Amino acid sequence: MVKSSTISKAIAIAFVTLTICAIGGIITMVIFYKTQIATMNPTPRPTIAVTTPAPPPVMRLPKNLVPERYELFLQPHLYTQIIQEVNVTSPNQTMLFTGNSTVHFRCVQKTDTIYLHSVDLTLSGQMVIDKDRNRRIGVSSMRNFENGSNFLEINLVDNMEEGGNYSLFLAFKGEISENLQGLYVSHYVEGHPVDEDDTSPNRFLVATNLQPADARRVFPCFDEPEMKAEFDVTIIHRRDTTALGNSGRSESNIIDEEWKYTRFYRTPKMSTYLFAFTVSRFESVLSPHGRVEIRTFARPEAIKAGHAQYAASVTGKILSYYEQHFGINYQQKKLDQIALPDLAPAAMENWGLITYEQGSLLFEEGVSSLLLKEWIVTIIAHELAHQWFGNLVTMKWWNEVWLNEGFATYMANFAMNHVEPSFKMKEAYILGDLHTAFEEDALATSHPLSLPQDEVQDIDEMAMVFDGITYSKGASVLRMLADVVDQPVFDKGIRTYLDEFRLKNTDRNDLWESIQRAVDDDSGHTDVAKVMDLWTTQIGYPVITINTTSGEIYQKHFLFNATSESSLWWHIPIRVMSDKSEPDLLWLDTPDTVKKDEFISKKGEWILANVNCTGYYRVNYNPENWERLQYQLLTNPERIPLMNRGQLIDDAFNLARAKLVDVTLALNSTRFLRNETEYLPWESAVRNMKYIVRMFDRSEVYGPMQEYFREQVKVLYKYFKNETDHSTVPKEHSLQHSQIIAVQVACSNGLPECTAMATELFSKWMNSNDSTNSFPPH
Ligand SMILES: [Zn+2]
């Protein structure tokens, strides 16, 4: 090992010396990079002794009982405020909740045992009724499994017959959690405390967060996504609070001095993980929409200050956009969204009651960063897309949750572009989704989008599939499919899918079949399942290598560390153009090297593959073509589509990281930035350079790298200098990103103008009378 590393170091330095003339300013950086990287010998992983594990417990409910409807009464006993009065024994906060449920179900296979889910609930009063004969069936025993299955097993003295209708009643009590799981408490402060000990402004509320499998913590239920049912819900709550549920309020009355109840209309047939309710003293603001009542709830102070206005102003538009795009109306008469002080993840798409962590929904005009609007509109667009993809049509099991998350992520881009076209977020897709997916999916530890069902069994395994692969790769392969079959055909296919499977559950084959029908109607030739299954059932993605001299092209599984040869291959659609021809679609559908005339550069022209990055793969070329592309970027970058300007940088750096091209090529791919003012290529470069900075911070590479970037950023910095010096931002929203990156790159690499500007602003602020809250001025 030592020997070969010394040789590679020598070759590296020799090679770098040879290319001095070609690359000029970045030469020193490359030498140091090579020297540093040659000294990095990763320690091999320790081998772990293999032991034979015990057989895993059964984690899935039997399918012999089918739930149809729940009647639920829920009563959280929590106080929203603790009032302390002198000489009066003030109430202690209570975390208790109580309730009862009657689940009506059908028996499809004779059995004398009911299995459902329950966790951390104290159960009593069990009663099973044979509804057809109107008689009670005795319960002989009941036990809660403690093996991770969370099964509640109820044994009966008599059989339930196939085709029969039954109900199960259970009373229960549990504890409101403090860890954002199940039914949980959230805290906030209203007004200002008088002193440190003053607890009077403290406020409390309860909310639910049940995905993927925490409904069983709130009431005993058949807690699997395919076990859809309707819900008749009544919440009993303190008189000074408001209860919200999945559907609209049908009735609300006072019970006694302390309590009132709110009853809700029956919900659509839905999965248990989408069940939700909240009890709080929040207030709301309305959004305009013709048919649906849309309310945005938040802390009263936030509503009064108008912080929910931005969210309210876009929500109705996004809902209308989807209704029109999918050709199916939102299924309920009301849609509430609520800004909770505590929630993880950022938001949850509960049908009719979307919960958000408040930082992802509230916008404070004049204080919040303007770019926060992008995040808010992204999250709302994502959660609203789920009202169709996930809520109306749900994946059969968590192994294919990408059918929910990939679609919501993909569709959000269209809705955002519709309501905020000036944000120009469609092109930023490659930074948000494609690069996230590429990064995670280039590791040997990645997972396929569609996992085998038995690999996602327990709650930990379910939680683990909510990752960048599911969201971002899911969105990316859908985008690729839409490009291959044509957007209007794809859109028609998903309308069929949503219509045919409404209120039902699907797997990926149902999606492929719906899109196939649209393709066939359009006289298309794509075999959707054949193409897409390789992208969804295999891990990773390919890099294609094109030789523009011979026209040869082949594919290879792209991995950062290819320890063993991978035999995976894909059906790859390739949009290709040259400086003499417009984009065309070709296919590489074999693991072998093939020759295609379209990839031959006949008159020295460059060839560019994966135009607009619609494909989920990286591209490598012969050195001559890389040079031609880079020359084009340096002389007339506009000829290369914007997304590809960012992608060429990202591909080059990642190919270098996987040791498929020399790092010199990667660094060369940033040379054109000298005259680039668009955000996307810059951001792509900055992110990739971060990897190099992380590895070589405080090493000899760092100095030359800073010098290089000081040179590169000069034009971009100058472009915004006037605004930056006056602490203002460009009017055009999308340019604000470019300004931020100009300041970020210039100041972090020590561009004198930037350092001077920052120093001056800082001293002005230090000398100002009000240095506590007015920096920077805006
Ligand atoms: Zn989602």
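Here are a few things to note about the model shown:
- Some residue of the range 262-270 being farther than 27 Å from Q181 by Cβ, among the β-branched types (V, I, T) and in contact with a Ser or Thr (Cβ under 7 Å, 6 or more places away or on another chain): no
- Segments classed as strands (runs of 3 or more DSSP E), wholly inside the range 565-642, with at least 2 members that are more than 31 Å from the chain's Cα centre (by Cα) and either of a type in the set (V, I, T) or surrounded by 15 or more Cβ atoms within 10 Å (Cβ to Cβ) (or both): 572-578
- Odd one out for K473 among (1) in contact with a helix residue (DSSP H, G or I) (Cβ under 6 Å, 6 or more places away or on another chain); (2) within 15 Å of the ligand (Cβ to nearest atom); (3) closer than 25 Å to D223 by Cα: (3)
- Close pairs from the range 364-391: first more than 17 Å from S422 (Cα to Cα) and free of Cβ contacts under 8 Å to residues at least 40 places away in the same chain, partner more than 14 Å from the ligand (Cβ to nearest atom) and open to solvent by 10 Å² or more (accessible area, probe 1.4 Å), Cβ under 9 Å, at least 6 apart: V367/H778; S368/H307; S368/Y310; S368/L362
- Among residues of the range 696-718, those that are of a type outside the set (K, R) and open to solvent by 50 Å² or more (accessible area, probe 1.4 Å), counted: 6
- Selected residue (only one of L481, L503, L511, L498 is away from the ligand (no atom under 16 Å from the Cβ), open to solvent by 50 Å² or more (accessible area, probe 1.4 Å) and either closer than 25 Å to P542 by Cα or among the aliphatic types (A, V, I, L, M) (or both)): L503
- The condition of being in contact (Cβ under 8 Å) with a residue 12 or more places away in the chain and open to solvent by 20 Å² or more (accessible area, probe 1.4 Å) holds for H289.
- One residue stands out in the range 703-756 among those that are part of a helix (DSSP H, G or I) and among the acidic types (D, E): the one that is farthest from S422 (Cα to Cα), namely E707.
- Number of positions in the range 653-690 that are basic (K, R) and either touching a Cys at 6+ places or on another chain (Cβ under 6 Å) or open to solvent by less than 20 Å² (accessible area, probe 1.4 Å) (or both): 0
- Matching option when the condition is at pLDDT below 95 and either aromatic (F, W, Y) or over 26 Å from V66 (Cβ atoms) (or both), among D460, D483, D454: D460
- Among the residues making up the range 388-405, those that are assigned to a loop (DSSP other than H, G, I, E, B) and within 11 Å of the ligand (Cβ to nearest atom) are G390, N391, V401.
- Within the range 220-267, strands (runs of 3 or more DSSP E) holding 2 or more residues that are open to solvent by 50 Å² or more (accessible area, probe 1.4 Å): 249-254
- Residue within the range 440-451 that is touching an Asp or Glu at 6+ places or on another chain (Cβ under 8 Å), of a type outside the set (G, A, S), closer than 28 Å to K690 by Cβ and buried (at least 22 other Cβ atoms within 10 Å of the Cβ) present: yes
- Failed item, numbered, when L673 is tested on (1) free of Cβ contacts under 8 Å to residues at least 60 places away in the same chain; (2) not in a helix (DSSP H, G or I): (2)
- Long-range neighbours under 7 Å by Cβ, at least six apart or interchain, first residue of a type outside the set (A, V, I, L, M, F, W, C) within the range 336-354, second within 13 Å of the ligand (Cβ to nearest atom): Q337/I354; Q337/Y356; E349/E383; E349/H386; E349/Q387; E349/G390; E349/N391; N350/L274
- Options N413, N399, N417: the member that is open to solvent by 10 Å² or more (accessible area, probe 1.4 Å), in contact with a Leu (Cβ under 7 Å, 6 or more places away or on another chain) and not β-branched (V, I, T): N399
- Among the residues of the range 435-451, those that are in a helix (DSSP H, G or I) and either charged (D, E, K, R) or modelled with pLDDT of 95 or more (or both) comprise A437, F438, E439, E440, D441.
- Tally, over the range 340-384, of residues that are of a type in the set (A, V, I, L, M, F, W, C), within 13 Å of the ligand (Cβ to nearest atom), open to solvent by 20 Å² or more (accessible area, probe 1.4 Å) and assigned to a helix (DSSP H, G or I): 0
- Positions within the range 293-322 being part of a helix (DSSP H, G or I) and either modelled with pLDDT under 95 or β-branched (V, I, T) (or both), in sequence order: I303, V314, T315, I318
The values are calculated or read from the model by the stated rules, or taken from the named source; none is laboratory data. Keep in mind it's a predicted model, so treat the numbers as computed, not measured. Reconstructed Cβ throughout: ideal geometry from the backbone, glycine too, with neighbour counts over all protein chains shown. When the accessible area is computed, the model is the full protein with side chains, heavy atoms only, and any ligands, DNA or RNA have been set aside. Shrake-Rupley method; radii C 1.70, N 1.55, O 1.52, S 1.80 Å.
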